[in-house]
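Okay, so here's the structure we're looking at.
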Amino acid sequence: MLSNIKNLNAPRLLIFLLDALASTLAVYIAYQLRFNFNIPLYEWLFFRTALFSIVGAQILGFVIFRIYNSSIRYTGARDLFKILFALTVAALVVIGAGFISRHYTGLYLAPISIVIIDYLIIMFILVMGRMAVRVLYNEVTNPTRIKSKVIVYGAGDAGIITKRSIDRDAGTRFKVFAFLDDDVNRKGKLIEGVKVFQTDESLEKLLQENEIKHLIIAISEISKRRKAEIAAICLRYNTKVLDVPPVKSWIKGELSFKQIKKIKVEDLLERDPIVLDTEAISTELNNKTILITGAAGSIGSEIVRQVINFNPAALILLDTAESALYDLEQELKSANPDNNINYYIADIKNELRMATIFGKHKPEVVFHAAAYKHVPLMEENVSEAVANNIFGTCMVTDTAIKYGCKKMVMVSTDKAVNPTNVMGASKRIAEMYCQWQNKQHMTRFVTTRFGNVLGSNGSVIPLFKKQIEDGKNITVTHPDITRYFMTIPEACQLVLEAGTIGQGGEIFVFDMGTPVRIADLAQKMITLSGLKEGRDIEIKYTGLRPGEKLYEELLNDSENVVPTHHPKIKKAKLADVEGDMLTQHLARLKEALLQQDDLKMVSIMKELVPEFISNNSFYSRLDEKKDKS
């Protein structure tokens, strides 16, 4: 205890001494009040004993509970509770010691009435003193008293805690102007001096009539659709929308204003949460050896994170990206130190490397997420798209068969439907190979096909964020270009679900919701960043890139779709793949690859996938020749 006092720096020591002085003063005032400011002479004989007993016990409480260790100007509920607890313990100690003293000496250390009066006085002095310092500090640091107005959406417990965190941490800059709540029973009530308004009646009016800096969503069980509705109204009035994090992420159970973050564009997708058949997925993955290719990528790494939750016996993670795989390794070691996870820098095209890894671990389930996916780059690097997306998939497929893998789930793309670019066509050929091999062997091959994922490597979201941060114009290829979007966790959840229900040979198509105009997405991101289009930043249209099309499709026109047990997963019924035709074309394609003949490779791909019509590409000439013939 003495070492704690010795180690105090000047500010903490000053707080300690002031608290001790306040404790002494409180005992004196308690005596004066107890005897109506006319203390009898004989009571002064007991004053010293009471003073030393009460002050000693309180100082002991200050040291044990480190009351002096908190910054007074940032005093919060936790600090006040510590004071209450320390003083209560000190009072009980004095009363208890007094009963013991009475039993052995016939005298109390301090009259109980004095202890109780002192308890109330010292509590008032310490609490009000700290609050006064905090208010004074806020006034000094914000002499103009100009505070930005904030609306808290949600007048429940989380909303009240949010208001208190603002008052405590950001009271110099922000003021809670109003509460909003959907519950009509709360309408018109005052919560800590702030009025509650009904959301649908009052939100737009409040934003119109007042300059509201932020709206903070403090409701944990809010639907995506409702959040998007609230955000859309706020964006029209340049009001930033913030989100309170889940309770489990609060620091030591207490919300800090710094934890309240800007709402992300992913939250505006208006998509309901996915309900998974976790029991079926667990049966499929629990205690199994699972291999994941492309494990360090945005999709692969999220598959890894979700697969871990189903307690696999072992994970084998493959990727060619050394730094990304290292980062994933560090993340997983920190969160899952006891898991049996193996990390391999490996190229899926390397036959010996694949055989070594598969032969050592004998994986029962493979998730194949390794692929090149950047459309313009693959249009310019045909040989790499063919080598990696087609023959790399063939290598993983053949090796899985050779070493007795039970099931392989291939991650494909909506760009494989009526492909207009090399990347999409390469993925369609990979799908065809998996379909064909599913008929030939015991290994079950399942394909999952979905559109763009928000935040994935190469998607528009990271690009737009970087352009906004750098103060550059946002580049969009065309005003009317639209894309389907999912979040990365949502896409990977559906991959696990589809992989579980797949019996082999299926191509599962995910419900991607409503297509989104990229220009609209850019405008929302500008507003969410607190900027104004046309004043702070511009959207620049650059024209469609090679191989790019305005609208993505999820199904080929000739394909039939049948529902599955999951409302967001459909199964495409495809025409059978002719094995002889496929193998002959693949042999020719490999020969063209060895010759690095891009034109010949694309020509063979078009023969193999007749619906492959190049768009805005050098290879459109091949389609013109076909039309003429």
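With 0.36 nm allotted per residue and the present C-alpha distance subtracted, the Lys261-Ala587 stretch has 112.0 nm of extension available.
Between Arg102 and Trp44, the distance separating the two model label sites (each 7 Å from Cα on the Cα→Cβ line) works out to 2.7 nm. Taking amide H as placed 1.01 Å from N in the peptide plane, Thr413 has its amide H under 5 Å from the amide H of Phe450, each at least 5 places away in sequence or on another chain. Sorting the segments 340-350, 462-472, 414-424 by their mean number of nearby beta carbons within 10 angstrom, highest to lowest, gives 414-424, 340-350, 462-472.
Around Ala519, under 14 Å between beta carbons, what's the net of Lys plus Arg minus Asp minus Glu among the other residues?
On the way: positive: Arg483, Arg517, Lys524, Lys540; negative: Asp480, Asp520, Glu533, Glu538.
Net local charge, Ala519 excluded: 0.
Using helices alone, what [θ] at 222 nm do you get for the chain, with -39,500 (n - 2.57) per DSSP H run of 4 or more residues, divided over all residues and rounded to the nearest 500?
Numbers: 21 runs with 300 residues, N = 629.
Counting only the DSSP helices, I get -15500 deg cm²/dmol.
In this rough spin-label picture, where each label sits 7 Å from Cα along the Cβ direction, the Phe52-Ala313 distance is 7.4 nm.
If r is the Cβ-Cβ distance from Glu279 to Arg236 and R0 is 41 Å, what FRET efficiency results, to the nearest 0.05? That pair, Glu279 with Arg236, gives E of 0.40.
Using a 1.4 angstrom probe, figure out how much accessible area the chain has per residue, in square angstrom, rounded to the nearest whole. Walk me through the numbers on the way to the answer.
Working: 30660 Å² over 629 residues.
With the other protein chains kept in place, the chain gives 49 Å² per residue.
As a ratio to 2.2 N^0.38 Å, the alpha-carbon radius of gyration for region 290-397 is 1.07. The length gained by stretching the chain between Tyr551 and Lys439 to full extension, at 0.36 nm per residue less their Cα-Cα distance, is 37.0 nm.
Roughly to the nearest percent, how much of the accessible area of the chain is carbon and sulfur, given a 1.4 Å probe?
Working: 16850 of 30660 Å².
The computed percentage sits at 55.
Computed from Cα positions, the angle between helix 422-440 and the longest principal axis of the chain comes to roughly 80 degrees.
With Cα atoms as the point set, region 419-511 shows a radius of gyration and Dmax of 17.0, 55 Å. Over the Cα atoms of region 338-389, the radius of gyration divided by the Kirkwood radius equals 1.07; this is the Rg/Rh ratio. Along each principal axis, taking the top coordinate minus the bottom one, the Cα set of the chain gives 122, 59, 44 Å in descending order.
The equivalent ellipsoid of region 474-554 has semi-axes of 33, 16, 8 Å, largest first, where each one is the square root of 5 times an eigenvalue of the Cα gyration tensor.
Subtracting the Cα-Cα distance from 0.36 nm times the residue separation, let me have the gained length for Glu331 to Val89 in nm, one decimal.
82.7 nm
For the pair region 300-325 / region 504-547, the C-alpha centres are spaced 29 Å from each other. From the Kirkwood radius over Cα pairs of region 362-406, Stokes-Einstein at 37 °C and 0.692 mPa s returns a whole-number translational diffusion coefficient of 285 µm²/s. Within the chain, DSSP assigns beta bridges of which about 20% are antiparallel (rounded to the nearest 5). Each peptide in 610-617, 290-297 was scored by the mean count of other Cβ atoms within 10 Å over its residues; highest first, the order is 290-297, 610-617.
Take each of the peptides 304-313, 482-491, average the number of other beta-carbon atoms within 10 Å over its residues, and list them starting from the highest. Write out the running numbers ahead of the final one.
On the way: 304-313: 17.2, 482-491: 21.0.
In decreasing order of mean packing, 304-313, 482-491 become 482-491, 304-313.
The values are calculated or read from the model by the stated rules, or taken from the named source; none is laboratory data. If you're wondering where the values come from, they're calculated on a predicted model, not measured in any experiment. Because the Cβ atoms are built from the backbone with ideal geometry, glycine has one as well, and the counts that use them run over all protein chains shown. To get the accessible areas, we keep the full protein, side chains included, count just its heavy atoms, and leave off ligands, DNA and RNA. Shrake-Rupley method; radii C 1.70, N 1.55, O 1.52, S 1.80 Å.
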